[in-house]
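Written out below as structure tokens is the structure these notes cover.
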């Protein structure tokens, strides 16, 4: 127990991220199932408007900030140091700090579900209820007097700290900790996409942080940044939010693209087709992601010039995205494809991401978008991209790297059930949403009339959602079942090409007995110019120093929710207690002896 | 192949459920010039998407079937890339996007133009959770139900009294947000008679789902007749009728704090809808309930139970008083 609380080992932190994010994924999934149950019938099954609004807000917030991002982070943590031939990340204690801040921020946000009585609210739950992008001025104290929005804005600020710390850590790690010979253009694509993602994190999160601080000032101290009656502008929030929000979309999708770029070559037995093009298009997507934010705002009425500019930049971004898809297909062309579960999920990712991309093109065209935005059509789009894309990519990564992380493979039989149930379930759940949207069903409505004519479509979506629920149960059974009974993985169960497959599964605490010298992009494969890397010695020839654990990252992280609780309960003295914890923690951390 | 049959099954299931209707809020049956332009553009994007979908998914299916591992199959080629192919599949999507971008830009500028002079101006004001419609030239003020003449350009000038809302009557064209402190506009010319359903499309709080609207496209003479009735003062109840008692209760009760009835001097509230001709409307409560005696009675006695968060509080009045109020409001044709 103590060793887990104080751990600074990237592999343990990766596992902590995985299990915590999986827990939040299940919570977000349950929220989705209640939403879908309510929509299965016109006029609903009795979920109140207030509860429904909390559920869809928390579903979006949870899935994006507490499930998808940290599931990617689980792989950053576990896999990146192994892929680049390092013993750990650059700042192991900062890494632990990121995890604890994420955990505590997630718990703080979800505590709102039971915090009602503490605020004298008439119901148990005071969860955030203004949607995951919390448009001003609905979020102002005048229109949202309860603590709901306070939970949201303070929770997201805490989570932002976790993301920023991790972002800097992984940039430094990937740039500085690579094994000798691993030039940037020999970096595995997953590591490349992680690098791009982290640059997006450290540039995009400050934007949302500023916006959240302004909102906090509006709500706590009576400023009027977003309050029109006081000369403020609610549209400013939308610019802030989407200036963060669109890079955030790529923060969510690029890691999954990286995973797929690892899985496809391994199971096709071929190198990635067009490595440089895939890498550069990823970098290009990262840059272009900054120039498209107002396509979320066509309905605002920004005028024809702004609309056409953002429409054009948005359409342009489809080009590097399309290029990636063609290169993935090129990777499989002429290969010997092994349809393991990981490969099925990777191919599923491509198939579903194409659909999400194509509906994205109709959103890129403002006049068409004006009929589709804020309807179930855009709900379908976001789910094809973030579930069909990111989540299928993450599942591919789980089946691919699970043997490395645990030493045992997941069951392929259960895995295939998991895949097909997921594939059928997601299409049943999300494809009909294109139609319900085009037929006039807005998003975020807790009730609709039978006369709208979308009842059957909604029933199909609900059935699909519950099928997805069953698929997730199968996955959980798989995780449980193979814990002891899974087939032992060995170093390299899939004949992978990258460094993580050169070491035992699970890897020893020091990862590599000797840091390998990297001669090619595919160190473990024999290519026309290079032989396969020689196996590493089984035991370290010289003793390897492994840093011990530390309590200070956990203690420092604990100060942040204390400050948030202080703010939300309006206790100034408690703010100073929280600050004291943070400052003491950082001070002791900085002066902690190197050898523990 | 399994994937293929699954997809077919899926499409069949969706086709079976999608048949039906009528769909009063569909975006696919335009009833104005604006709606028609958007629909034409979307249709062309849709077919491009279908073509790209068929080619790319077809290619993907071909590859995963053709190159699945077989015993004794050839060794995978160690191909790292192909420059001409890369250039080809960079240019191809770019070219297709040109075919989408050009009509998109044309439509943006065509639909952004204000309505010609002489268009019917309607001011739309969003409230939590109902719509106020004001016709400044002809002096009509009403709520949730807009009347417009067929074939005449209409210019909506929109703003919000509180949070952001979005005006969306899909048959007439795309949505546009209503923001306090800003004026946004949509111009359209309705091209077929009848009723167009719509509702607020931007999440605006507890009863966002209950903020609906109707647009009645009428012949020019019907529209004129409607407008002429709307500008007159409220109906005066006959002596001794229940409606007269209702008027008295209204004028001396809580109602006047929020509602205006032209002709009742005490009733000048502007928080809630203008009720001068409430009896002429088809729907109540943000166009969510039919305007019948029964629903009106339930609405007055306990509005928040029908519309969560409603600013109109429950009115714990004796049954006979509610009945009198209902009789009065229903008489306001």
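Read-outs: derived from the displayed coordinates by stated rules, not from any lab. Just so we're clear, the structure is a prediction, and the values are computed from it rather than from any experiment. Using ideal geometry, Cβ is built from the backbone for each residue, glycine included, and neighbour counts are taken over all protein chains shown.
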**OP:** Would you mind giving the mean number of other chain beta-carbons within 10 Å of the Cβ of each residue in B:157-168, as a whole number?
**Re:** 4
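Give me D for segment B:137-177 in µm² s⁻¹, whole number, from Stokes-Einstein with Rh from the Kirkwood sum over alpha-carbon pairs, 20 °C and 1.002 mPa s.
Details: Rh = 12.3 Å.
The estimated diffusion coefficient comes to 174 µm²/s.
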Original post:
Just how far, in whole angstrom, is segment A:310-349 from segment B:295-324 if you go by their alpha carbon centroids?
Top reply: 57
Subject >> Euclidean distance between Cα centres, segment B:29-88 to segment A:12-45, Å >> reply: 32
Subject >> Among beta bridges that DSSP assigns inside the protein assembly as shown, antiparallel share in %, nearest 5 >> reply: 70
Subject >> Approximate shape of segment B:242-330 as ellipsoid semi-axes (Cα gyration tensor, √5λ), whole Å, largest first >> reply: 17, 15, 13
Original post:
Roughly how compact is segment A:186-246, stated as its Cα Rg over 2.2 N^0.38 Å to two decimals?
Top reply: 1.54
Original post:
If segment A:8-549 were replaced by its equivalent ellipsoid, with semi-axes equal to the square roots of 5 times the Cα gyration tensor eigenvalues, what would those be, largest first, whole Å?
Top reply: 39, 25, 24
Original post:
In degrees between 0 and 90, to the nearest 10, how far off the longest principal axis of chain A does helix A:455-485 point, with axes built from Cα atoms?
Top reply: 30
Original post:
For residue A:483 and residue A:339, what does the FRET efficiency come to when R0 = 25 Å and r is the distance between their Cβ atoms, rounded to the nearest 0.05?
Top reply: 0.50
**OP:** Project the alpha carbons of the protein assembly as shown onto their principal axes and report the range along each, largest first, in whole Å.
**Re:** 108, 63, 46
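Taking neighbour counts of Cβ atoms within 10 Å as a proxy for exposure, in what order, fewest first, do A:17, B:67 appear? Display every interim value, and only then the final one.
Numbers: A:17 26, B:67 20.
Ordered by Cβ neighbours within 10 Å, fewest first: B:67, A:17.
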Subject >> Ellipticity estimate at 222 nm from DSSP helix runs (n ≥ 4, -39,500 (n - 2.57)) divided over the protein assembly as shown, nearest 500 >> reply: -18500 deg cm²/dmol
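Could you put A:404, A:183, B:175 in order, starting from the residue whose Cβ has the fewest other Cβ atoms within 10 Å?
Values: A:404 24, A:183 9, B:175 29.
Neighbour counts put them in this order, fewest first: A:183, A:404, B:175.
Using C-alpha positions alone, give me the convex hull volume of segment B:68-183 per residue in cubic angstrom.
Numbers: hull volume 28.6 nm³, N = 116.
For segment B:68-183, the hull spanned by Cα atoms encloses 247 Å³ per residue.
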Original post:
In percent, how large is the relative contact order of segment B:126-180, given Cα pairs closer than 8 Å and 6 or more residues apart?
Top reply: 32
**OP:** Would you order A:270, A:526 from fewest to most other beta-carbon atoms within 10 Å of each residue's own beta-carbon?
**Re:** A:526, A:270
Original post:
In square nanometres, what is the average projected area of the Cα convex hull of segment A:333-468?
Top reply: 10.1
Original post:
Against the longest principal axis of chain B, how steep is helix B:33-66, in degrees 0 to 90 to the nearest 10, with axes from Cα atoms?
Top reply: 30
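Under the definition of partner shielding as Cβ atoms of other protein chains within 10 Å of a residue Cβ, what is the mean value for peptide A:297-307?
On the way: counts 1, 5, 11, 8, 12, 1, 2, 8, 3, 1, 6.
The mean count of partner-chain Cβ atoms within 10 Å per residue comes to 5.
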**OP:** Please average, across the residues of A:226-237, the number of beta carbons from any other chain that are within 10 Å of each residue's own beta carbon, and give a whole number.
**Re:** 3
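Averaged across orientations, what area in nm² does the convex hull of the alpha carbons in segment A:407-521 project?
Numbers: hull surface 45.7 nm².
Taking a quarter of the hull surface, the average projection is 11.4 nm².
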Subject >> chain B, relative contact order in percent, only Cα pairs under 8 angstrom and at least six apart counted >> reply: 15
**OP:** Express the relative contact order of chain A as a whole percentage, based on alpha carbon pairs under 8 Å and six or more residues apart in sequence.
**Re:** 17
Original post:
Cα axis of helix B:83-112 to longest principal axis of chain B: angle in degrees, 0 to 90, nearest 10?
Top reply: 20
Original post:
In whole angstrom, how long is each semi-axis of the equivalent ellipsoid of chain B, when you take the square root of 5 times every eigenvalue of its Cα gyration tensor and sort them from largest down?
Top reply: 53, 24, 17
